[in-house]
Amino acid sequence: MTTQDFRKIHPQSKAIETVSLVEPEKYILDNGIPVYLINAGTQEVVKIDLIFDAGSKLQDFPLQAQFTSKCLVEGTDSFDSKTIAETVDFYGAYLKPSVSRDDAAVSLFSLNKHLEHLMPVFAEVALSPKFPDHEIQTMVQKLRQEYLVNMEKVSFIAQQQFSALVYGNQHPYGKTMDIVDYENISQQILQVFYAKFYKTSGFKIIVSGKVNNGLIKMLNQFFGQHQVVFGENIPGGLTIKPSETLEHYSVKDDALQSAVRIGNATINKTHRDFLPFMVVNTILGGYFGSRLMTNIREDKGYTYGIGSGLASLNHAGMFFIASEVGNDVTGKAIEQIFIEIEKLRSEPVKAEELSLVKNYLLGTFLRSADGPFALADLFKATLDYGMDMSYYDSFLHTVKNITIKDIQDIAVKYLQPDSMIRLVVGKK
């Protein structure tokens, strides 16, 4: 058989039956800090994530959690910001703090052979930052300018306003920021937030990659010797109070397009219906071949892109539809969105479409589990909810076994137009 003949024979297709995921090994450092080890991969590289219960839901002031996270790398007891950056760069590593609504993380990517040089810097960034005032003010000016630029984008404005409408502007997930909030950022409020949610908090460590002998000992040396206090930080004001008015319009006269957001507060991934709801959401707007894309992009040409999603947070969830459409077709686009929702509620999905979506979800999941760092992300996504990797067995079982009747039942239960908030940001 020639090479050309070989290329004419396509690989055999095969249904995905099971997926075997690497189960993390758990270790406990001397001070009780848990370490979850995903020893996989073939390259001599490792990723270490320190996960703190220090998300923006816990802040007393807008931007407090964000600036605390960003300023961790701006100076420590032994290293200034330049030394930190140059050391990380010299060893070809990557050091990144990040923050979300529910938690914060400090992540290090490094070759194994350089860990002994990088670990002192990594540990000080997490455990003894100084928050130099001049670095904070530089960061404030930079991010303030970014905010001003973003406020010219209808999509950014819509994202800000929609959470407040869905959860209520006093809910930790619904509070928004304003330009004046940048003026209130100071060294003191960052130090207060750090002392409360980082300094002695019982954080978690997730290690992924090709893990060499001695890493646990190294982690214990740098992160297992200080005293920590374990306990979940529960924010106040968790009662969801969505806007009683469903239709909202925010005028931006110079906008070339209108940002459209439609949705409501809903369940998160701890609920038994969340996984079947994910399948329903995929049919509606969760992938490029979805009904919303087919109708509003491909058929009507109202937008370049439209999608729907499920956001799962520790204390709430959100269903949302998002798009930017032409100012002159905003009303028509919204009308078509609700037509597609009603079809999903009232008409059984075709078997061919459901089969396509099932295959898409299974294939996407396989890609999301490719490599040790991806596995670490999957594990963290369950750890946040007190679950483990068996959650993905439930996901596979749900996708493979969900029926046409299940799809319609879930759509009727959770896609209720009378409870969905509509927000348009654009030209009147």
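A short reminder: the numbers here are calculations on the coordinates, not readings from a lab. Keep in mind it's a predicted model, so treat the numbers as computed, not measured. Positions of Cβ are generated from backbone atoms using ideal geometry, with glycine treated the same way; all protein chains shown enter the neighbour counts.
Near LYS47, which aspartates and glutamates are there with a Cα under 12 Å away, not counting those fewer than 8 places off in the same chain?
Within the straight-line limit of under 12 Å, LYS47 reaches these aspartates and glutamates: ASP377.
Can you list residues whose amide H is under 5 Å from SER201's amide H, if they're 5+ apart or on another chain and H is modeled 1.01 Å from N?
Those lying under 5 Å, H to H, from SER201 are VAL229.
Kindly list the residues of the stretch 30-72 that lie in the label zone of ILE240, defined by a backbone N under 19 Å from the point 7 Å along the Cα-to-C-beta vector.
Under 19 Å, as judged by backbone N against the label point of ILE240, lie 56-58 of the stretch 30-72.
If you count, for each residue, the other Cβ atoms within 10 Å and average over each peptide, how do 90-97, 54-61 line up from highest to lowest?
54-61, 90-97
Calculate the FRET efficiency for TYR147 and SER419 from the Cβ-Cβ distance with a Förster distance of 35 Å, rounded to the nearest 0.05.
Details: r = 32 Å, r/R0 = 0.90.
Efficiency, from the Cβ-Cβ distance: 0.65.
How high is the relative contact order of the chain, in percent, with contacts defined as C-alpha pairs under 8 Å that are six or more residues apart? Display every interim value, and only then the final one.
Values: 718 pairs, mean separation 89.1, N = 428.
So the answer I get is 21 percent.
Tell me the label-point distance for the pair LYS332, GLU86, using the 7 Å Cα-to-Cβ offset, in nm and rounded to one decimal.
Rounded to a tenth, the inter-label distance reads 6.1 nm.
Over what distance in Å are the Cα centres of the stretch 92-129 and the stretch 249-319 separated?
The distance from the Cα centre of the stretch 92-129 to that of the stretch 249-319 comes to 34 Å.
Find the relative contact order for the stretch 306-428 and round it to a whole percent, using C-alpha pairs within less than 8 Å whose residues are 6+ positions apart.
Relative contact order, the stretch 306-428: 29 percent.
Percent of Cα-Cα pairs per 20 Å bin, from 0 to the last occupied bin, for the chain, please list those.
22, 51, 26, 1
Report the charge-dipole magnitude of the stretch 25-223 in Debye, nearest 20, computed about the Cα centre from +1 at each Lys and Arg Cβ and -1 at each Asp and Glu Cβ. Could the numbers behind the result be given before it?
Numbers: 18 positive and 22 negative charges, 90 e Å.
Once rounded to the nearest 20, the dipole reads 440 debye.
Which of the lysines could a cross-linker span from LYS427 if the Cα-Cα distance has to be under 23 Å and same-chain partners fewer than 8 positions apart are dropped?
Qualifying lysines at Cα under 23 Å: LYS153, LYS252, LYS300, LYS332.
Considering the options LEU361, GLN159, ALA381, tell which one lies farthest towards the positive end of the dipole of the chain, charges being +1 on Lys and Arg and -1 on Asp and Glu at the Cβ, about the Cα centre.
Selected residue: LEU361.
Taking LYS57 as the anchor, which lysines have their alpha carbon closer than 24 Å to its alpha carbon, excluding any fewer than eight residues away along the same chain?
LYS70, LYS96, LYS130, LYS142, LYS175, LYS196, LYS199, LYS204, LYS241, LYS269, LYS380
Place +1 on the Cβ of every Lys and Arg and -1 on the Cβ of every Asp and Glu in the stretch 247-426, take the dipole about the Cα centre, and give the residue among GLN408, ILE296, ALA259 whose Cα lies farthest towards its positive end.
GLN408
Please name whichever of GLY236, TYR182, HIS226 sits farthest to the positive end of the charge dipole of the stretch 142-241, dipole taken about the Cα centre and charges placed at Cβ: Lys and Arg +1, Asp and Glu -1.
HIS226
Determine the principal axes of the Cα atoms in the stretch 64-116, then give the extent along each, sorted from largest to smallest and rounded to whole angstroms.
Reported extents, whole Å, longest axis first: 34, 22, 15.
In whole Å, what is the distance between the alpha-carbon centres of the stretch 172-190 and the stretch 210-240?
Result: 26 Å between the Cα centres.
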